[in-house]
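Please read the structure below before turning to the comments.
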Amino acid sequence: MTERQKMLEVLSLQVSYHDVEAVRGVSFSLPEGERTGLVGPNGAGKSTLLLALDGLVPFSGQVRIGGLEVVRRNLAQVRRQVGIVFADSEDQLFMPTLLEDVAFGPLNLGLERDQALARARGALDRLGLQGMAERSSHHLSDGERRRAAVATVLAMRPRLWLFDEPATNLDPWARRDLVRVICQLEGTVLLASHDLDLVVQTCNRCLVMDEGRVVADGPVRQILGDEKLMESHRLEVPLRLRLSPGGKAPCRSPSPS
């Protein structure tokens, strides 16, 4: 993999909170355009890793995004390339109207107000939120808020997308719509989720984290289909990979009493 092909490079990344190591010597790289799932049990360090990649928490080691090292002097340039969708949509939706929420990022990138509003309307349209521009996020469903949070990032046109538990609290229809949205995104995606079926549907590669370390890395179906690996890290093979070729779940029926 050449330097030009790498969108994200992580080398010996370490993050500590009050003498607790949340991320321990993590190293990996992502080529441009790849969609990678990041899975692991609670407390594995997934969310902390995402925050470190955007320079939101102090870390040791090295992170490069689009060839730029994530250090204080480069943060403004780095954050022009990175879009992070937080687990709680309310962390991204705080303005009086949805249009203002989505235009906030482009305005902070230095766009003129007319340009920022045009880009915001385009993002809302692409996420199926036409006609909701003047609504408050408090008047949206969970699924609509999730799409609105994605729209706030889409309007900034990032090259690297970081998702933290994007399917939380979504009903089946909203979840299907989220899959569609993620699959249509341009750029490189790193998606942290406990919804392993979502990872199978949207990603071609998977990293497994446990106790702050990356313990497995490979093709998504190979990694998530490894029952021994999954059980050893308090995970389960996702339902989509348990289904037989005929579409029937392999679970046995209860024996007659």
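Worth a mention:
- Flag for Thr152 being within 30 Å of Ser29 (Cα to Cα), in contact (Cβ under 8 Å) with a residue 24 or more places away in the chain and hydroxyl-bearing (Ser, Thr, Tyr): yes
- Among the residues of the range 3-21, those identified as modelled with pLDDT of 95 or more and either surrounded by 17 or more Cβ atoms within 10 Å (Cβ to Cβ) or under 17 Å from Arg35 (Cβ atoms) (or both) are Met7, Leu8, Glu9, Val10, Leu13, Val15.
- Within the range 108-125, the residues that satisfy the criterion of being under 23 Å from the mean Cα position of the chain (by Cα) and under 14 Å from Met156 (Cβ atoms) are Asn108, Leu109, Arg119, Ala120, Gly122, Ala123, Leu124.
- Checked against (1) part of a loop (DSSP other than H, G, I, E, B); (2) modelled with pLDDT under 90; (3) surrounded by 18 or more Cβ atoms within 10 Å (Cβ to Cβ), Gln130 meets all criteria but (3).
- Hits in the range 95-111 - residues which are modelled with pLDDT under 90 and in a helix (DSSP H, G or I): Asn108
- Odd one out for Val220 among (1) surrounded by 15 or more Cβ atoms within 10 Å (Cβ to Cβ); (2) of a type outside the set (Phe, Trp, Tyr); (3) farther than 23 Å from Gly33 by Cβ: (3)
- Among residues of the range 158-176 being part of a loop (DSSP other than H, G, I, E, B), in contact with a Gly (Cβ under 9 Å, 6 or more places away or on another chain) and touching a residue at least 60 places away in the same chain (Cβ under 8 Å), the one that is surrounded by the most Cβ atoms within 10 Å (Cβ to Cβ) is Pro158.
- Summed over the range 101-138, the residues that are more than 24 Å from Arg176 (Cβ to Cβ) and without any contact (Cβ under 8 Å) to a residue 12 or more places away in the chain give a count of 10.
- Test for Glu144: is it buried (at least 20 other Cβ atoms within 10 Å of the Cβ) and of a type in the set (D, E, K, R): yes
- Set side by side, the residues Val179, Val200 differ, and just one is in contact with a helix residue (DSSP H, G or I) (Cβ under 6 Å, 6 or more places away or on another chain), assigned to a helix (DSSP H, G or I) and free of Cβ contacts under 8 Å to residues at least 40 places away in the same chain, which is Val179.
- Selection of strands (runs of 3 or more DSSP E) fully inside the range 1-94 by the criterion of at least 2 residues being within 26 Å of Asp195 (Cα to Cα) and among the polar types (S, T, N, Q) returns 20-31.
The values are calculated or read from the model by the stated rules, or taken from the named source; none is laboratory data. Just so we're clear, the structure is a prediction, and the values are computed from it rather than from any experiment. Cβ sites come from the backbone with ideal geometry, for glycine too, and all protein chains shown count toward neighbours.
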